[in-house]
1. For a footprinting-style exposure proxy, rank I58, I232 by other Cβ within 10 Å, fewest first.
2. List the pair-distance distribution P(r) of region 216-307, using every Cα-Cα distance, as the percent of pairs falling in each 5 Å bin from 0 up to the bin containing the longest distance, rounded to whole percents.
3. Cut-off is 10 Å between beta-carbons; in what order do W278, W174 appear when sorted fewest neighbours first?
4. In what sequence do V85, V272, V292 fall when counting other Cβ within 10 Å, fewest first?
5. Relative contact order, percent, of region 44-320 when contacts are C-alpha pairs under 8 Å separated by at least 6 residues?
6. Using a/c under 1.5 as the rounded threshold, could you call region 57-187 rounded, prolate or oblate? The axes a ≥ b ≥ c are square roots of the C-alpha gyration tensor eigenvalues, and prolate needs a/b larger than b/c, oblate otherwise.
7. Quote the Stokes-Einstein diffusion coefficient, in whole µm² s⁻¹, for region 35-91, based on the Kirkwood radius over alpha carbon pairs, a temperature of 25 °C and a viscosity of 0.890 mPa s.
8. So for region 212-253, Kirkwood radius off the Cα pairs, Stokes-Einstein at 20 °C and 1.002 mPa s: how many µm² s⁻¹?
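Derivation of every value follows stated rules applied to the coordinates shown; laboratory data play no part. Please read these numbers as outputs of a predicted model, since none were measured by experiment. So basically every Cβ, Gly included, is an ideal-geometry build from the backbone, and we count neighbours across all protein chains shown.
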Amino acid sequence: MSGGLTIARRLAWPLAIVVLGALLALAVRRLDVARVLLELARARPLWVVVATLCFASILPLWAAQWRLLAPPTPRRTFARLVGVVSMTSSVLNTTPMLVGEAAGVWFLGAEAGVDRASALAVLGMDQLLVGLAKLTVLGAAATLLPLPTVLRDGVRVLAVGVGGLLAVLLAMAWSGEAARERLTRLAPPRLAHAAARAAAALSPLRSPPRSAAAFALALLKKGAELLGILAIQHAFAVQLDPSSALLVLAALNLATLLPLVPGNAGVFEAAVVLAYSWLGVPPERALGMALVQHACYFAALALPGYAWLSRAPRARSAAAAP
């Protein structure tokens, strides 16, 4: 059984790439490539730079959020955490699913001195906040705009997943001393100790001020993405209601939930084109906007981490670890 699952995992990524490549080839055949190139040439560079800066502001906001969530250590400084999230973002945007999350746990330990169990707790809270922020964006989009059916269905799926994660993390955070003692008696010592460390590291969930501050930072990250999307619209001289950026971001939030291919290449563009087509933007212009938006996003969130990796020997060792 395990052998079959291993083979399935190995085949899933290449199969997804083949299917995605076929869909993209079909889409390109239906588009006027010359018009797409013309749209790209018309993009105004100043607004492209503004979009890149908006996306880049996500990194310090993310670092501030992890500083709120991570247990205190001598090395848990804001500057180090900027490096941690930058390197994590680089891996997230260039590798398949789960590799970036595992790298984030490594980087928290190597650079910020956070133990493995506590780093996993930080990652869990981060994913919870990301999910809640996405639900907020989707709710706002549904309030202001008519959503395509696929987005309405996606909201329900996301809500179930986020609700389940919230229930698990709250149960762990409020498990209490009696539950930890029972776990100590039933589980192997190392597992019981790791679970106790993880439960202790979930203390932000027991503190309304810290939880609220961390959630506010998650919303600010989404706000930075919205501003970046609006800047791309200005770059292409697209006149849309500002609420249109919510629909684009909502489509991206759902399409990139499970990154089947590194950097969501193709999936990112398809989601943006779908949203703009729904809003009445010609497909060639929508594709040009999607390509530039993804390039700005990649430059802002994937490239900076490599500078940190080049001067952080502990992080390089962690990234190379199996």
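1. Ordered by Cβ neighbours within 10 Å, fewest first: I58, I232.
2. For region 216-307, the binned pair fractions read 2, 14, 25, 27, 19, 9, 3, 1, 0 percent.
3. W174, W278
4. On the way: V85 29, V272 26, V292 21.
Arranged by neighbour count, lowest to highest, V85, V272, V292 become V292, V272, V85.
5. Computed over region 44-320, the figure is 35 percent.
6. oblate
7. 182 µm²/s
8. Values: Rh = 10.9 Å.
Translational D for this selection: 197 µm²/s.
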